[in-house]
Amino acid sequence: MSVLNRREFLNRMAAGTTALAAANKGRAARTSGPRTSGTGPPSAGLAEPAFRPLPLGAVKPRGWLLRQLRIQAQGLSGRLDEFWPDVGQSKWFGGQAEGWERAPYWLDGFIPLAFLLDDPALKAKAAKYVEYIVAHQRSDGWYGPYPEDAVAKRYDLWAILLADKMLVQYHDATGDERVLRAVEKSLRAMLAGLDKTPLYDWGRYRWFEGLIPAFYVYEKTGEAWLLDLARKLRAQGFDYRAFYAGEDVTVPTPRRGLWKWAKHVVNTGMAAKSAALSWRLGPNESDRAFAGRMIEILDRHHGQATGMFTGDECLAGKNPVQGTELCSVVEFLYSLEHLLSILGDPFFGDRLEKVAFNALPATFSPDMWAHQYDQQANQIQCTINPDHMWTTNGPESNLYGLEPNYGCCTANMHQGWPKFAAHLWMAAPGGGVAAATYAPGEVRFDARGTPVDISVETDYPFRETIRLSVRAERPVRFPLLLRIPAWAEGAALDVGGADGPKPKPGTFHRLDREWNGAVDLLLRLPMKARVSRRYNEAAAVERGPLVYSLKIGEAWTRVNAEKPHRDLPHGDFEVRPTTPWNYGLALDETDPASSLVFEERPVGERPFSPEGAGVVARVKARKLSAWRPAHGWAGEISPGPQESREPEETVELIPYGCTNIRVTEFPRLRR
Ligand SMILES: [Zn+2]
């Protein structure tokens, strides 16, 4: 058993009391998804999720999403093992380099990428590495890198939780029984090992990741000890619910401040799903409510226009020059996919799209060979900067490069797009299917024994219309659920050429009917411009799921060419502005549409590049001479509307995800 100190013990007691009170008070949780379903295998002992993810490979990307995944496969994700020792020569594969989180991190994104693209070369590569790990598992259940004398040489179990989570994806895609047995053996070793060495450090703060493979194997085997393992992980793990009931989480970490496990930005992104996963172990209404409350607290105290929160590397407040680490972006996306699946609340789908279409693509170079450690909403240049604003990160954190600041993101970035694509659709109760998020693609699933194929033709999020074509092999009745984003006021659905009932924003619109032959649906999600008030009363422009930023001219300069493994195309780059950025915007906040003109453009070969932007906006602006760089970055925005005697200009905004440098939170001009 883990040893709790007195304060932790009291915190847990307090959290337990609150939970009980909440449960007795009634079912007031915001989450509204169905409680029970017949969507998957029976899992007595585990509460049913609202929706179940479809097997890896059921969703096929098309259109811009397919191009994006190909860019990724032709960039760092597909090639990292060929030149980066921490993956290519990992101890996980018999080498002498890092033998902890990096190789499992890479495979965790590489495996779904390979199977979504259905690419034989990528799949063969995944098979080779998985085969090595499974073949070199020891007879006691531990994987190769785990030290023989684990009591003397400590090994933080986080990497094993991650490896098992990664391997069950491979089993899901291939059905390879040996992989399932390997995970089962590893989890059994963990169950015994936790008694000798309880969770500590990363494992303690990421305990809930182990629930994912434990639940997966439990649903295949029904072995009750897997739920004992899940409970043991929870008992030894950090209690985020208690932490979020306190004050500390609301306080931004100061510049050169104190690094804390509980405020670590990646742990935060991961922990968003912790209570929802825990809810499956023994239904407790307050566990269902936690994620919504946690996100509310993060938005209020550390939120950014992209739906992310800052952390460089611990939670850093709302100032748009603070950084958000790439690992936290991909982990928060993965958490949101679990939250939507378990709780069924469309709110998590709205947030999932917002983060996926904005924060995720922005932090890569458009060719996905270079990435940042930290992105900023107001990022006017990316340079090696010893005078930086980060709380605890280093001076290279916003460079575009191979491993700026630290190599975790280099290993972990790969899961973002593939897992997003794999979760576009989920199985719904009653043999149905739910559109969780929208992007071009195709899904095949089985509705009560009848194969059904749905294709989605769209340039969403750059367009308002989504064409769906449902084809059932034989007539079959099943519910089709369409997520209607909360912002989509006036949404309309046309079913087989006739107006359907008006879909309500912020719900899953349900079409429960007999599907026969091919039925075409046309969903229109009107995107009205919105202006949100941000840090120091700055304004940010949003429309649909996209956030808009100033398009700034860019000069890229290669740096660190002498450092190892930086041969092109995987070099490091600084980016500097070549056009002015210090504008205040003339926005009519009561009627944003009157001051913004949006224009659709063809979605580029590189959908998330300044040139490839599928939609642009024009707005009147004036330069603000008082708004200058500080610490090499966009200085503090003064609160309130600003005066400017500079001439009025028209500036162009493009989607945040298409920018490499940008201003997103603008001072407002006095009218
Ligand atoms: Zn990272």
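The values are calculated or read from the model by the stated rules, or taken from the named source; none is laboratory data. Since this is a predicted model, take the numbers as computed values, not measurements. Please note: Cβ atoms are built from the backbone with ideal geometry, for glycine as well, and neighbour counts cover all protein chains shown. Surface areas here come from the heavy atoms of the whole protein model, side chains and all, with no ligands, DNA or RNA. Shrake-Rupley method; radii C 1.70, N 1.55, O 1.52, S 1.80 Å.
Could you tell me whether region 548-671 comes out rounded, prolate or oblate from its Cα gyration tensor? Rule is a ≥ b ≥ c as square roots of the eigenvalues, rounded for a/c under 1.5, then prolate if a/b exceeds b/c, otherwise oblate. Don't skip to the answer; put the middle values down first.
Working: a/c = 3.03, a/b = 1.48, b/c = 2.05.
It is oblate, given that a/c is not under 1.5 and a/b is not larger than b/c.
Ranked from highest to lowest mean number of other Cβ atoms within 10 Å per residue, what is the order of the peptides 370-377, 517-524, 95-102, 587-594? Mind showing how you got there, number by number?
Working: 370-377: 27.8, 517-524: 16.8, 95-102: 19.1, 587-594: 13.4.
Sorting 370-377, 517-524, 95-102, 587-594 by mean packing, highest first, produces 370-377, 95-102, 517-524, 587-594.
Count the DSSP beta bridges whose two residues both fall in region 522-671, then state the antiparallel fraction as a percent rounded to the nearest 5.
Working: 33 of 35 bridges.
Approximately 95 percent, going by the DSSP bridge assignments.
Take each uninterrupted DSSP H stretch in the chain, measure its Cα extent along the helix axis, and return the ones at 18 Å or beyond whose mean Kyte-Doolittle hydropathy is at least 0.0. List each step's numbers first, then the result.
Working: long enough: 6-25 (28 Å, -0.33); 102-117 (23 Å, 0.94); 120-135 (22 Å, 0.39); 158-174 (25 Å, 0.41); 177-196 (29 Å, -0.10); 285-302 (26 Å, -0.78); 326-343 (25 Å, 1.51).
For the chain, where a helix must reach 18 Å along its axis and average at least 0.0, the hits are 102-117, 120-135, 158-174, 326-343.
Can you put ARG138, ARG576 in order of accessible area, largest first, using a 1.4 Å probe?
Values: ARG138 40, ARG576 95 Å².
Highest to lowest solvent-accessible surface, that is ARG576, ARG138.
Rank by packing, highest mean first: peptides 468-477, 391-400, with packing defined as the count of other Cβ atoms within 10 Å averaged across residues.
Working: 468-477: 16.1, 391-400: 22.9.
Per-residue Cβ counts within 10 Å, averaged per peptide and sorted highest first, yield 391-400, 468-477.
Choose one of PRO610, PRO569, SER186: the residue whose Cα lies farthest towards the positive end of the charge dipole of the chain (beta-carbon charges +1 Lys, Arg; -1 Asp, Glu; about the Cα centre).
It is SER186, whose Cα lies furthest towards the positive end.
What 222 nm value per residue comes from the helices of the chain, counting each DSSP H run with n ≥ 4 as -39,500 (n - 2.57) and dividing by all residues, nearest 500 deg cm²/dmol? Numbers along the way, then the final one.
Details: 19 runs with 212 residues, N = 671.
Only helices count here, giving -9500 deg cm²/dmol.
Determine the sum of side-chain charges near LEU468: Lys and Arg each +1, Asp and Glu each -1, restricted to other residues whose C-beta is under 15 angstrom from that of LEU468.
Values: positive: LYS60, ARG62, ARG444, ARG463, ARG467, ARG471, ARG483, ARG510, ARG513, ARG524; negative: GLU442, ASP453, GLU457, ASP459, GLU464, ASP494, ASP520.
With Lys, Arg at +1 and Asp, Glu at -1, the neighbours total +3.
For region 372-452, which trypsin sites (Lys or Arg not before Pro) are in a loop by DSSP, counting at most 14 other Cβ atoms within 10 Å?
Values: sites: LYS419, ARG444, ARG448; in loops: ARG448.
Answer in residue order: ARG448.
Label region 400-537 by shape, choosing from rounded, prolate and oblate, from the square roots a ≥ b ≥ c of the eigenvalues of the Cα gyration tensor; if a/c is under 1.5 it is rounded, and otherwise prolate applies when a/b is larger than b/c, oblate when it is not. Could the numbers behind the result be given before it?
Values: a/c = 2.58, a/b = 1.43, b/c = 1.80.
Taking the square roots of the gyration eigenvalues as a ≥ b ≥ c, region 400-537 is oblate.
Taking a 1.4 Å probe, which of LYS123, LYS504 shows the most accessible area, and what order do the others take after it?
On the way: LYS123 55, LYS504 135 Å².
From most exposed to least exposed: LYS504, LYS123.
Compute the length gained on full extension between ARG524 and ARG293: take 0.36 nm times their separation in residues and subtract their Cα-Cα distance, giving the result in nm to one decimal.
Details: separation 231, 0.36 × 231 = 83.16 nm, distance 3.06 nm.
Going from the current span to full extension adds 80.1 nm.
Read phi for every residue in region 581-588 and hand back ³J(HN,Hα) as whole Hz from Karplus 6.51 cos²θ - 1.76 cosθ + 1.60, θ = phi - 60°, with x for Gly and Pro.
For region 581-588, the Karplus curve yields 10, 8, 9, x, 9, 8, 10, 8 Hz.
State whether the chain is rounded, prolate or oblate according to the following rule on the C-alpha gyration tensor (a ≥ b ≥ c being the square roots of its eigenvalues): a/c under 1.5 gives rounded; otherwise a/b larger than b/c gives prolate, and the remaining case gives oblate. Walk me through the numbers before you get to the answer.
On the way: a/c = 1.43, a/b = 1.17, b/c = 1.22.
Note, shape of the chain comes out rounded.
Relative to the Cα centre, what is the charge dipole magnitude of region 526-647, using +1 at the beta carbon of each Lys and Arg, -1 at the beta carbon of each Asp and Glu, and rounding to the nearest 20 debye?
Taking the Cα centre of region 526-647 as origin, the dipole is about 120 debye.
Give me the accessible area of PHE508, 1.4 Å probe, in Å² rounded to the nearest 10.
So the heavy atoms of PHE508 present about 40 Å² to solvent.
Just want to confirm a number: the relative contact order over the chain, from Cα pairs under 8 angstrom separated by 6+ residues, in percent. Walk me through the numbers on the way to the answer.
On the way: 1520 pairs, mean separation 94.5, N = 671.
It rounds to 14 percent for the chain.
Any idea what the relative contact order of region 170-251 is, in percent, if you count C-alpha pairs under 8 Å spaced at least 6 apart? Mind showing how you got there, number by number?
Values: 54 pairs, mean separation 24.7, N = 82.
30 percent.
Using 0.36 nm per residue, how much length does the chain from LYS153 to ARG448 gain when fully extended, once their Cα-Cα distance is taken away?
Numbers: separation 295, 0.36 × 295 = 106.20 nm, distance 5.20 nm.
Gain on extension, LYS153 to ARG448, equals 101.0 nm.
Extension gain TRP259-ARG601, at 0.36 nm per residue separation less the Cα-Cα distance, in nm? Present the calculation step by step, with values, prior to reporting the outcome.
On the way: separation 342, 0.36 × 342 = 123.12 nm, distance 4.41 nm.
That works out to 118.7 nm of additional length.
Please enumerate, by chain and number, the lysines with C-alpha under 23 Å from the C-alpha of LYS504, excluding those fewer than 8 residues away in the same chain.
The qualifying lysines are LYS354, LYS528.
Which net charge results for the neighbourhood of PRO479, defined as the other residues with beta-carbon distances under 13 angstrom from its beta-carbon, given Lys and Arg at +1 and Asp and Glu at -1? Show your work: numbers first, answer last.
Numbers: positive: ARG448, ARG477, ARG510, ARG513; negative: ASP512, GLU514.
Surrounding charge for PRO479 is +2.
Any idea of the accessible area per residue across region 40-197, 1.4 Å probe, to the nearest Å²? Intermediate values should be presented prior to the final figure.
Working: 5790 Å² over 158 residues.
Spelled out: the 1.4 Å probe surface of region 40-197, per residue, equals 37 Å².
Residues with beta-carbon under 10 Å from that of LEU402, excluding LEU402: net charge, scoring Lys, Arg +1 and Asp, Glu -1?
Working: positive: LYS563, ARG566; negative: GLU403, ASP567, ASP572.
For residues surrounding LEU402, the net value is -1.
Considering only protein heavy atoms and a probe of 1.4 Å, how much of the accessible area of region 563-658 is carbon and sulfur, as a whole percent? It would help to have the intermediate numbers written out before the result.
Numbers: 2250 of 4600 Å².
About 49 percent, which is the carbon plus sulfur part of the accessible surface.
Report, to the nearest whole %, how much of the accessible area of region 246-320 belongs to carbon and sulfur atoms, 1.4 Å probe, protein only.
Taking all protein chains in place, region 246-320 shows 57 percent carbon and sulfur surface.
How much area per residue is accessible in region 361-505 when the probe is 1.4 Å and only protein heavy atoms are counted (Å²)? All intermediate terms of the calculation are to be shown ahead of the outcome.
On the way: 3980 Å² over 145 residues.
It amounts to 27 Å² per residue over region 361-505.
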